[in-house]
Amino acid sequence: MTDRFRGKVAIVTGASAGIGRAVALALAAEGARVVVNALDPVGLEKLGTEADLVAVVGDTAEEDTADRLVAAALDTGGRVDLLVNNAGVHRSVPTAEFSSAEWRRVIDINLNGYFYLARAAGAVMIRQRAGVILNVASTAGVAAALNSAAYVASKHGVVGLTKALAVDWARYGIRVNALGPGLTTTGMVQAFAESAPDLYAARERRVPLGRAASPEEQAATALFLLSDESAYTSGQILVVDGGGAALYSGYEAPAQER
Ligand SMILES: NC(=O)c1ccc[n+]([C@@H]2O[C@H](COP(=O)([O-])OP(=O)(O)OC[C@H]3O[C@@H](n4cnc5c(N)ncnc54)[C@H](O)[C@@H]3O)[C@@H](O)[C@H]2O)c1
């Protein structure tokens, strides 16, 4: 264990579960003071028993939540060094049946919320002339997934936002990257595995490494992108999908031999 983030103040959204939770705990374990957010107060309270974190319950689709998170970070350490935009939702609906309300809700959380918080935290980072933003996108930010039009559009939007911010804010010493998780064992995927076990098993078989990632494996790459080890990396999406995106879609992954 290192202390790569000692003295840093971080904000992590969607931290009560899954990838956000793993990122928040890993940052805290490596010395950061972390402001964590989620919609779900019970999950955040439980997280608070595992590490010394500052919890802010709120919907990231609301602009006011972004202001409250930045205010909490400034109260905590007078700075915002690291922002992890992670809170996200997936809706699986045949596209012709997508209601406008559901469409807007997915875009509001997965894309607009990322912008609101990047803008609020970015204003502080610009004054500091330093900061790192990590947007959690998805493999759905670089290719389509079935019956997920709003999710795919939102995640492609996140990749575009990442590139735009990286270019706009490089002059202030701010780096902006995206993480592109593939199938990862979180609540979001649990629901899919339980409702369609055959489909889930087939999906897992298509991963060249033969399995889904753990949230901790995603967090390890997230921390690399947040740390000075990636000091010259900006405007990138790092896809962490067990080799899935490298496999042309017409092919099955070879069977595991271990
Ligand atoms: N699990 C995967 O396979 C996978 C794959 C690719 C990308 N991702 C992305 O990773 C991120 C985290 O997903 P996960 O799998 O850990 O999900 P999860 O469902 O386990 O956790 C989601 C978290 O986001 C929070 N959240 C949801 N809506 C919110 C809102 N409006 N405001 C504030 N918090 C909200 C929840 O409270 C929870 O803490 C998402 O952006 C998701 O799209 C996940």
Solvent-accessible surface (1.4 angstrom probe) belonging to residue 97, in square angstrom, nearest 10: 130
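Keeping all protein chains in place and using 1.4 angstrom, which order do 138, 100 fall into by accessible surface area, from largest down?
I get 100, 138, largest accessible area first.
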Heavy-atom accessible area with a 1.4 angstrom probe orders 49, 139, 13, most exposed first, as 49, 139, 13
To the nearest 10 square angstrom, how much accessible area does residue 103 have with a 1.4 angstrom probe? 100
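How large is the Kirkwood hydrodynamic radius of segment 122-253, counting all unique pairs of alpha carbons, in Å? Write down the numbers at each step before the final one.
Details: mean 1/r = 0.0632 Å⁻¹.
It works out to 15.8 Å.
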Whether segment 4-70 is rounded, prolate or oblate, judged on the alpha carbon gyration tensor where a/c under 1.5 counts as rounded: oblate
Round to a whole angstrom and tell me the spacing of the C-alpha centers of segment 198-258 and segment 147-195. 14
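May I ask you to rank 8, 155, 163 by accessible area, largest first, using a 1.4 Å probe over the protein chains only?
Sorted descending by solvent-accessible area, the residues read 163, 8, 155.
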Accessible area (Å², per residue) of the chain, counting only protein heavy atoms and a probe of 1.4 Å: 48
Quick check on the chain: what does the Kirkwood estimate of hydrodynamic radius come out to from the alpha carbon pairs, in Å? 18.5
Between segment 100-133 and segment 33-60, the alpha-carbon center distance in angstrom: 18
Please list 193-202, 59-68 highest first by mean number of surrounding beta-carbon atoms within 10 Å per residue. 59-68, 193-202
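The values are calculated or read from the model by the stated rules, or taken from the named source; none is laboratory data. For clarity, every value in this text was computed on a predicted model and none was experimentally measured. Backbone-built Cβ (ideal geometry, glycine too); neighbour counts: all protein chains shown. Heavy atoms of the whole protein, side chains included, go into the accessibility calculation; ligands, DNA and RNA do not. Shrake-Rupley method; radii C 1.70, N 1.55, O 1.52, S 1.80 Å.
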